[in-house]
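S.K.: Sharing a structure with you now.
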Amino acid sequence: MSPFRVALTIFAATTAAVAQDDWASAVEKANTHRRFAVRRAVSNKIAKAGDAAVPALRDFERSRSRNEIDLMLVDSIARAKAGGDATLELLESWARDRDFYWRSQALGGLAERKVESARDLFAAATTDPSHLYRVQGARGLIALGGDEGIARARRLLNDSDSRTRLRVARHLALSGDFSGLAELARGLDRDEAEFLGDPWGQRDAKLAVETLIEVAEQDFGWREARGDRDARKVAFQKMRGWIESKLGAPLADVDTAPAPPHAGGVEIRSCRHGDLFVRWGESAIHFGLEAPRSVPVDAATMRELRTQLKTALTVGGQRGKVVCDYLRLKDETVEKHVKFAPLRLPSPAAEWLKALARAVEKGGEPELSNAILDRLPQFAEATKK
Amino acid sequence: MKLGLLTALLGTLVLGGSDDPTEVGFDVLAGFDYEEGMELPDEVTKLDETKVTVRGFMKREDGGDGATSTFMLISDACGCEGTPMLNEFIYCESEEEHEIDPSVVTVTGTLYVGEEIEDEVVIGIYALEVESVGS
């Protein structure tokens, strides 16, 4: 018997509640049930109900908090395409709320439905600090069409974040616009990119592959290649060849320089402020996922910082409930690795990050220093009185 | 070491000896567009009730911290781009409790493949009886 059986009794009760059109109860379960599969199933039912479930969702966010709404529920509603005016109003209110964790997904729901009245919102989103929000803004503009909107979306093919460039290229390609094909090739090139142990490049490569298979309507030998490293590379070459044939020109060589030597780093995932990726070495601090911007720091300062980190970072594992945003801190020299939820970063670690920011400022990069400092309040523990 | 980790995460499918676990990755497990009621592809059904090793990120079902005997194994630590599809996570159950590790972990155990259905709704495809969790 599989472990799933343990959820079935609970699940039966859950679905019975929905069958009675008790949307308040369903919304409660979708947001709070401890079982992922139950939340998913109930979320899908709510999403398919469209406008009928919206009053219960509004009641929930009024009586609790908008940020207690589960990502899966927002995601399900965004993808379902069901619903009328009440659903659109709900999605728009979520998408416009800068403090709502899942505003990007809500904006995606408007893009999915090609909501013309959201055109200005889509356009404004393309300059948002959150890369996911920028992508959904572009997606909406691409879905609506029109020269001005498409031009604005295409501008994100030069975004500073390669994840944005790839995703916008995907949405353009899926709409028949191949102006971002080179970015899909770069997505393939990132297959082995990682950040502090997270193989993020693989996810980008997978997205690029899925896009290319769909738009080219061919497999490139991918299905057979998935489990084999060398065969993957052959499939990638075929995909690059297809892109070059479409572009009518060879793809430019891409800088695939390895990650800078580093002894640790911090990853801040923030839908509100945008993500930040920082690594430090013996005499420099590097910002960015790839092709990092490096700030020189004298070796003595760096040694001191690294020594201080050993005492500032005393815990490991995960601290607090991570829904989406988190701050991950890793000291590779002592293999200490911890992920903090918002408001769970202890004072010593927060102070250490401020010291890191000061070193960056001394290195002549106040903007990058502020990039760290601006994100800390979201994660720092409240001071105990 | 990093290269080794990445190689493992590429999902190299290596059929070992009879006692060796099969190394399987999310590129195979999630490598098809899942639709409810579909016939699952051979490359995943052949793994049913076999011993496997999978690399991925641990996540408690409620996102919380603390030791747990049940967790999801997923390929994306953030999940902000959307919740995993039913073929993008493995529901893991262990006799021991494990702390949620922010690093990529290796989980070994017996994999069960197939739709678990209740009241006409699929609640999962992959379940793993965990024998060990390592780095």
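We did not get these values from a lab; they are worked out from the coordinates using the rules stated. Computed from a predicted model, the values in this text were never measured in an experiment. Positions of Cβ are generated from backbone atoms using ideal geometry, with glycine treated the same way; all protein chains shown enter the neighbour counts.
S.K.: Is it the case that A:Arg375 is assigned to a helix (DSSP H, G or I), in contact with a His (Cβ under 9 Å, 6 or more places away or on another chain), buried (at least 19 other Cβ atoms within 10 Å of the Cβ) and in contact (Cβ under 8 Å) with a residue 60 or more places away in the chain?
M.R.: yes
S.K.: Residue check: is B:Thr108 polar (S, T, N, Q), facing chain A (nearest Cβ under 9 Å) and farther than 18 Å from B:Phe32 by Cβ?
M.R.: No, not satisfied.
S.K.: How many residues does region A:235-253 contain that are in a helix (DSSP H, G or I) and more than 14 Å from chain B (Cβ to nearest Cβ)?
M.R.: The number of residues fulfilling the criteria is 11.
S.K.: Out of the residues in region A:37-77 that are without any contact (Cβ under 8 Å) to a residue 24 or more places away in the chain and in a helix (DSSP H, G or I), state the one that is nearest to the other protein chains (Cβ to nearest Cβ).
M.R.: Residue satisfying both the conditions and the ranking: A:Glu61.
S.K.: Considering A:Ala350, A:Ala382, which residue is out of contact with any Gly (no Cβ under 6 Å at 6 or more places or on another chain) and either within 19 Å of A:Glu304 (Cβ to Cβ) or hydroxyl-bearing (Ser, Thr, Tyr) (or both)?
M.R.: Residue meeting the stated conditions: A:Ala350.
S.K.: Another question, if that's okay. In contact with a Gly (Cβ under 6 Å, 6 or more places away or on another chain) and free of Cβ contacts under 8 Å to residues at least 60 places away in the same chain: is that true of A:Ala82 in this structure?
M.R.: When the stated conditions are applied, A:Ala82 passes them.
S.K.: Residues in region A:307-329: is at least one surrounded by 15 or more Cβ atoms within 10 Å (Cβ to Cβ), in contact (Cβ under 8 Å) with a residue 12 or more places away in the chain, more than 14 Å from chain B (Cβ to nearest Cβ) and out of contact with any Lys or Arg (no Cβ under 9 Å at 6 or more places or on another chain)?
M.R.: Yes, region A:307-329 contains at least one residue that is surrounded by 15 or more Cβ atoms within 10 Å (Cβ to Cβ), in contact (Cβ under 8 Å) with a residue 12 or more places away in the chain, more than 14 Å from chain B (Cβ to nearest Cβ) and out of contact with any Lys or Arg (no Cβ under 9 Å at 6 or more places or on another chain).
S.K.: Let me ask something additional. Answer yes or no: is there a residue in region B:85-99 that is within 10 Å of chain A (Cβ to nearest Cβ) and among the β-branched types (Val, Ile, Thr).
M.R.: no
S.K.: Suppose we filter A:Ala291, A:Ala382 for residues that are of a type in the set (Gly, Ala, Ser), under 21 Å from the mean Cα position of the chain (by Cα) and part of a loop (DSSP other than H, G, I, E, B); which single one remains?
M.R.: So the residue among A:Ala291, A:Ala382 that is of a type in the set (Gly, Ala, Ser), under 21 Å from the mean Cα position of the chain (by Cα) and part of a loop (DSSP other than H, G, I, E, B) is A:Ala291.
Table: residues versus (1) assigned to a loop (DSSP other than H, G, I, E, B); (2) more than 10 Å from chain B (Cβ to nearest Cβ).
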{"site": "A:Asp191", "(1), (2)": "yes, no"}
{"site": "A:Ala205", "(1), (2)": "no, no"}
{"site": "A:Thr211", "(1), (2)": "no, yes"}
{"site": "A:Asp219", "(1), (2)": "yes, yes"}
{"site": "A:Gly227", "(1), (2)": "yes, no"}
{"site": "A:Arg232", "(1), (2)": "no, no"}
